[in-house]
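Read-outs throughout are calculated quantities, based only on the coordinates presented, and are distinct from any laboratory measurement. All values reported here derive from a predicted model rather than from experimental measurement. For neighbour counting, all protein chains shown are included, and Cβ atoms are generated from backbone atoms with ideal geometry for every residue, glycine included.
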Amino acid sequence: MRLREILSDEVIVESLRASDKRGVLKEIVELLKAKKRLADLSADKVLNALIEREKFGSTGIGKGIAVPHAKLDGIREIVGAFGKSPRGIEFNALDGEPVHIIFLVLSPPDRKDEYIKILQRISTAARKTNFCRFLRNAKSIQEIVDIFQEMDEIVQV
Amino acid sequence: MKLRKKIKVTNEHGLHIRPASIFAETAKSHRSTVVVSKGGEDVDGRSIMEILSLGINSGHEVVLEVDGPDAERAMSALESILVGNL
């Protein structure tokens, strides 16, 4: 699954305002709700599912990237969003570093394969290219979109 | 001692973040080096980012190569994670 299939311009936040983990997740979920990506689910329900998942272990996978995720009944297809935090968020990430790049993924309970594919694409890009640095330095949504498109072309998974 | 084993992943959720993290931490807790191979690609088993980049799902086959003084213990512990005994 390519990044651009789930990350359209309207679900990208170039500069998150919140300064803590719960705050940035809330900010992104509220954007998804506003853009009608949550079907009949409330923003609170989705946020609580994400927070519960974080309690099992941080989705901060290192290099400043987090991939918060929740499986939800009521979500009919994979829903994604992206947010960037210039100041960095304490996310209890696995390498102890603050998170600047957040890929949020919601999926129906029976679509776990796609989540692993998305993780694969993101982590492959993070390993093999200057993906992280380019994203952190991007100054506009268009620049972020361009980076996603380039990664989708370069990274074969 | 160097050990090499082909393992079918039967962890029902595949290696998403949580099992990959447990795998990497388990690998790091041993003295042996750990290489995970899938589809011709080899990665460092102590790096969660590298493990995730393999996209290991339930039903996939991987090759685990462990080399060092505690290779047997490491192999046993890591195999357990891949077959779902967390």
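Collect residues whose amide H, placed 1.01 Å from N in the peptide plane, falls under 5 Å from the amide H of residue A:91; neighbours closer than 5 in sequence don't count.
The list, which skips near neighbours in sequence, is A:99.
Just need the relative contact order of chain A here, percent rounded to a whole number, with Cα pairs under 8 Å and 6+ apart. Walk me through the numbers on the way to the answer.
Details: 263 pairs, mean separation 42.7, N = 157.
Reported as a whole number, the value is 27 percent.
What does the charge dipole of the range A:7-106 about its Cα centre add up to, to the nearest 20 debye, if the Cβ of each Lys and Arg holds +1 and the Cβ of each Asp and Glu holds -1?
Its charge dipole is roughly 100 debye.
How much mean residue ellipticity at 222 nm does the protein assembly as shown get from its helices, if each DSSP H run of length 4 or more adds -39500 (n - 2.57) and you divide by all residues, to the nearest 500 deg cm²/dmol? Walk me through the numbers on the way to the answer.
On the way: 9 runs with 100 residues, N = 243.
Result for the protein assembly as shown, helices only: -12500 deg cm²/dmol.
Could you give the size of the charge dipole of the protein assembly as shown about its Cα centre, using +1 on the Cβ of each K and R and -1 on the Cβ of each D and E, expressed in debye and rounded to the nearest 20? Show your work: numbers first, answer last.
Values: 38 positive and 36 negative charges, 45 e Å.
For the protein assembly as shown, the charge dipole is close to 220 debye.
Report the residues of the range B:55-77 in range of a label on residue B:10: point 7 Å along Cα→C-beta, backbone N strictly under 18 Å from it.
B:57-64, B:76-77
Hey, got the average number of other protein chain Cβ atoms within 10 angstrom for residues in B:38-51?
Details: counts 0, 0, 0, 1, 0, 2, 0, 0, 0, 5, 5, 12, 4, 4.
Mean partner shielding for this stretch: 2.
Chain A: longest stretch without exposed GluC sites (Glu not before Pro) (DSSP loop, at most 14 other Cβ within 10 Å), sites themselves excluded? Intermediate results must be reported in sequence, preceding the final value.
Numbers: sites that count: A:77, A:90.
Here the longest run is A:1-76.
Run the Debye formula on the Cα coordinates of the range A:1-125, all scatterers equal and no solvent, and tell me log10 I(q)/I(0) at q = 0.10, 0.21 1/Å.
-0.26, -1.31
Would you kindly calculate the translational diffusion coefficient of the protein assembly as shown, applying Stokes-Einstein with the Kirkwood radius from alpha carbon pairs, for 20 °C and a viscosity of 1.002 mPa s, and quote it in µm² s⁻¹ without decimals? Spell out each step's value before the answer.
Details: Rh = 18.3 Å.
Diffusion coefficient, whole number: 117 µm²/s.
What value does the range A:85-157 have for Rg/Rh, both radii from Cα atoms and Rh as Kirkwood defines it?
0.98
Please work out the Cα center distance from the range A:32-103 to the range B:21-47, rounded to the nearest Å.
Measuring centre to centre over Cα atoms gives 26 Å.
What nm value, rounded to one decimal, do you get for the distance between residue A:17 and residue B:42 when each label is placed 7 Å out toward the C-beta?
Here the answer is 5.1 nm between the modelled labels.
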